[in-house]
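Notes to accompany the following structure.
The values are calculated or read from the model by the stated rules, or taken from the named source; none is laboratory data. No experiment lies behind these values; they were computed from the predicted model shown. All Cβ positions, even for glycine, are placed from backbone atoms using ideal geometry, and neighbour counts span all protein chains on display. Side chains included, ligands, DNA and RNA excluded: accessible areas come from the protein's heavy atoms. Shrake-Rupley method; radii C 1.70, N 1.55, O 1.52, S 1.80 Å.
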Amino acid sequence: MVLTDIMDKPGASAVSSDEAGQEVLDFQAEKLKQAILYKVLFDQSMNGEAVADADTGILLECNETLARMVGRSREELIGQPQTILHPPQVGNSSFKRHLTMGGETIETQIITKEGIVRDVEIKSNHINISGRRLFHGEFHDITERKLAEEALRESERKHRTLLETLPQKIFLKDINSVYISCNENFAGDLRIRTEEIAGRTDYDFFPKELADKYRGDDKEVVESGKAKEVEEKYIRDGGPVFVHTIKTPLKDGQGNIIGVLGIFHDITKRKKAEEALRESEERYRQLFEHAPFGIGLATLDGKVLAANKMMDLIMGCSTEELKAVNLANTYVNPSDRVELISIVKKFGHVVDFPTKFKRRDGTEFDVSLTVGIVDIGGTVLQTQVQDITERKKAEEKLREANRALGAAKEKAEELNRLKDQLLHNTHHELRTPLNSIMGFAGVISASPEATEKIRDQAKIIHRSGKNLLNIINDILTLARIDAGSEQIIKVPINLYAILRGIGELLAKEIQKNQIEFEIEYPASSPKTFLADGEKIQQIISNLTNNAVKFTQHGQVKIKVDCGEIIGDTVECLISVSDTGVGIPKEKLHLLFQRFSQVDGSSTRKYGGNGLGLAISQSLTRLMGGEIKVTSEFGKGTTFTLRIPLTLILD
């Protein structure tokens with residue numbers, strides 16, 4: 001049933017009633033007129049119109065506009081449930097909202113016959129006709145508006161995202177310098193959230209003098225209508241902060257200034273870098289000006305661009321005068337410059353290039369050049385110039401001295417060779433007669449026909465000859481050591497056996513002096529080594545013989561202490577200690593000097609030539625060791641031989 005049927009029935013009843021009066025007829029006519037007017041407005045409305053039963057939701061009437069909105073005919077809609085207008089997800093919920101919110105406007109969705117969903121705004125009201133509850137809805141298509149709103153929201157999201165991702169700090173103020181909004185970077189500097197900025201002023205965040213300045217800048221921008229760009233400095237967290245700020249007038253659609261847009265970013269790092277660059281440039285300038293050598297900048301063709309004070313001093317003219325002279329003309333030998341430029345072009349630099357320069361007065365002098373290519377708006381040669389005239393003179397003197405030294409060395413080597421030859425010949429010439437004399441003395445002392453006096457005299461001759469032969473052997477040993485011809489011959493040795501052999505050789509003297517003799521050799525220490533056994537025996541024999549000779553009571557002790565084994569080498573300490581006369585502290589430095597003895601009287605009492613300890617120390621050092629001595633006068637002496645020995649590994 002359509003709306004016209006609903007409205008026609010009461011009218012027809014009223015007209016057919018004979019009992020109705022004229023007043024009723026007039027009322028019914030007016031009602032009919034209103035119904036016709038309502039019908040015309042209903043059908044011709046630009047919005048979709050629909051009437052439905054409030055209890056069942058059945059569509060009773062709709063106009064062509066609504067039918068076109070959903071892509072159906074009026075006949076397809078009338079008599080159908082109102083859910084035909086809405087997508088499944090909306091369904092009855094939209095109708096129920098209308099029933100409970102009659103007289104209000106809601107936003108919902110409708111669906112076309114082809115399944116296209118569109119956004120609509122429905123203004124609803126309730127109608128009660130002859131006791132029947134009806135629902136009237138006016139449908140306004142807002143799809144385009146919704147799309148525009150979504151596009152606007154998306155645009156706002158993009159602009160907000162762009163605003164937040166920019167590294168700059170951005171804010172908006174009204175014409176009274178009151179903050180409207182800002183991005184997170186700006187809010188972060190103020191230690192607030194973005195939503196907390198609105199309604200606040202610079203006085204809420206900055207000292208008064210700084211806030212006054214900011215407000216003055218804002219006022220200047222608003223009044224002039226022009227942007228203002230400044231660099232500012234303020235203190236934050238106890239340190240200076242530099243910012244670069246651009247303030248520009250904010251205008252509405254009509255071009256009226258409604259506020260200030262501010263964009264600034266922290267340039268503290270840039271400022272610090274600029275300051276560091278200035279300091280670096282100043283340091284370079286100071287180094288350039290006060291360098292102890294000349295520095296010049298010149299083009300490849302020799303035009304001087306700059307020079308320091310030392311360069312002026314070396315060249316004997318001012319920088320301005322030097323600029324007037326082509327550097328190529330300062331070379332005494334032009335070919336030197338050609339060679340230098342060639343090297344620099346090939347390798348990029350040259351160091352200590354020797355050549356000769358000439359000053360404006362014609363004076364020639366030696367220089368050393370260090371040249372490199374630098375790029376300062378073009379290819380430039382940086383040249384370090386050192387006047388080496390005095391150095392060349394000193395080098396020449398040194399060469400002369402070296403030549404003289406070489407000649408002296410050759411002469412000394414020749415003299416040393418002659419000395420060795422003389423010693424060798426002397427040794428040969430002396431040993432032969434000495435051996436003959438000692439042999440005859442031995443024959444005489446053993447002859448039964450010789451008297452006791454003659455035998456004693458023969459023994460003295462034999463002993464003296466033996467001492468003289470020892471002196472000759474010692475002198476020859478020292479000569480070989482000095483000449484570097486003494487060789488270390490390593491053979492397998494038993495160190496313990498060598499020490500026992502020394503004790504046996506000195507047994508007669510030990511017994512004569514009535515002293516104790518002891519060898520302390522730990523059982524855990526190695527005994528066999530690869531070493532020069534003869535030299536080790538000679539050294540220890542000399543030390544032990546001295547200990548026995550100068551000890552009249554007590555004991556003489558040889559002690560061996562082998563240290564940590566590293567690889568196949570062990571460092572051994574062999575000490576020879578006695579309880580003899582001892583050595584005064586101030587005399588210890590004389591012990592290892594040649595032909596030197598602590599007390600001259602000891603030579604007469606104990607014999608000796610003062611070479612034994614000197615030879616022992618020299619031989620020890622030849623084997624990589626050292627002899628140390630400690631002594632207490634009147635109580636005894638200890639000589640310690642430190643020597644590295646090679647183990648014989650199984």
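Descriptive notes on the structure:
- Candidates in the stretch 497-509 are the residues that are open to solvent by 60 Å² or more (accessible area, probe 1.4 Å) and free of Cβ contacts under 8 Å to residues at least 40 places away in the same chain; of these, the one that is nearest to the chain's Cα centre (by Cα) is ARG500.
- Of the residues ILE475, ILE454, ILE471, the single one that is farther than 22 Å from ALA614 by Cα and assigned to a helix (DSSP H, G or I) is ILE454.
- Selection from the stretch 478-489 of residues that are loosely packed, with under 15 Cβ neighbours inside 10 Å, of a type outside the set (Ser, Thr, Tyr) and not in a helix (DSSP H, G or I): GLY484, GLN487, ILE488, ILE489
- Residue check for ILE170: at pLDDT 85 or above and either open to solvent by 50 Å² or more (accessible area, probe 1.4 Å) or assigned to a loop (DSSP other than H, G, I, E, B) (or both): no
- When LYS512, LYS535 are checked against the criterion of being in a helix (DSSP H, G or I) and surrounded by fewer than 14 Cβ atoms within 10 Å (Cβ to Cβ), LYS512 stands alone in meeting it.
- Qualifying residues in the stretch 609-628 (those that are crowded, with 17+ Cβ neighbours inside 10 Å and more than 14 Å from ILE536 (Cα to Cα)) - the one modelled with the highest pLDDT: ALA614
- So PHE242, is it aromatic (Phe, Trp, Tyr) and closer than 15 Å to SER177 by Cα: no
- Total residues in the stretch 538-579, condition among the basic types (Lys, Arg) and in a helix (DSSP H, G or I): 1
- When the stretch 330-376 is filtered for residues that are within 22 Å of PRO292 (Cα to Cα), outside any strand (DSSP E or B) and β-branched (Val, Ile, Thr), the ones remaining, listed by number, are THR330, THR363.
- In the stretch 241-277, the qualifying residues are those that are basic (Lys, Arg) and buried (at least 17 other Cβ atoms within 10 Å of the Cβ), and the one that is nearest to ILE197 (Cα to Cα) is LYS247.
The rows are residues; the columns are (1) closer than 15 Å to ALA54 by Cα; (2) open to solvent by less than 50 Å² (accessible area, probe 1.4 Å); (3) at pLDDT 90 or above.
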| residue | (1), (2), (3) |
| --- | --- |
| PRO88 | no, no, no |
| ILE116 | no, no, yes |
| VAL120 | no, yes, yes |
| HIS126 | yes, no, no |
| ARG132 | yes, no, no |
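- In summary, strands (runs of 3 or more DSSP E) completely within the stretch 222-316 and bearing 3 or more residues that are within 30 Å of PRO167 (Cβ to Cβ) and touching a His at 6+ places or on another chain (Cβ under 9 Å) occur at 228-236, 239-251, 257-266.
- SER280 over 30 Å from LEU172 (Cα atoms), touching a helix residue (DSSP H, G or I) at 6+ places or on another chain (Cβ under 6 Å), open to solvent by 30 Å² or more (accessible area, probe 1.4 Å) and not basic (Lys, Arg): no
- Hits in the stretch 173-209 - residues which are assigned to a helix (DSSP H, G or I), exposed (fewer than 15 other Cβ atoms within 10 Å of the Cβ) and not charged (D, E, K, R): GLY188, TYR203
- For the stretch 551-560, the criterion of being within 60 Å of the chain's Cα centre (by Cα) and open to solvent by 20 Å² or more (accessible area, probe 1.4 Å) is met by at least one residue.
- Among residues of the stretch 214-233 being more than 18 Å from ILE180 (Cα to Cα) and surrounded by 15 or more Cβ atoms within 10 Å (Cβ to Cβ), the one that is modelled with the lowest pLDDT is GLU232.
- Flag if GLY465 is more than 25 Å from THR640 (Cβ to Cβ) and without any contact (Cβ under 8 Å) to a residue 60 or more places away in the chain: yes
- Sole exception among (1) in contact (Cβ under 8 Å) with a residue 60 or more places away in the chain; (2) touching a Lys or Arg at 6+ places or on another chain (Cβ under 7 Å) for THR330, by number: (1)
- Qualifying positions in the stretch 360-369 - in contact (Cβ under 8 Å) with a residue 12 or more places away in the chain and not hydroxyl-bearing (Ser, Thr, Tyr): ARG360, ASP361, GLU364, PHE365, ASP366, VAL367, LEU369
- Test for MET46: is it modelled with pLDDT of 80 or more and assigned to a loop (DSSP other than H, G, I, E, B): yes
- The requirement of being without any contact (Cβ under 8 Å) to a residue 24 or more places away in the chain, in contact with a Ser or Thr (Cβ under 9 Å, 6 or more places away or on another chain) and hydroxyl-bearing (Ser, Thr, Tyr) is fulfilled somewhere in the stretch 370-383, by at least one residue.
- If you filter the stretch 346-359 down to residues that are among the charged types (D, E, K, R) and touching a residue at least 24 places away in the same chain (Cβ under 8 Å), you find that the one that is farthest from ASN326 (Cα to Cα) is LYS356.
- Residue count for the stretch 290-306 under the criterion of being free of Cβ contacts under 8 Å to residues at least 40 places away in the same chain and open to solvent by 50 Å² or more (accessible area, probe 1.4 Å): the result is 4.
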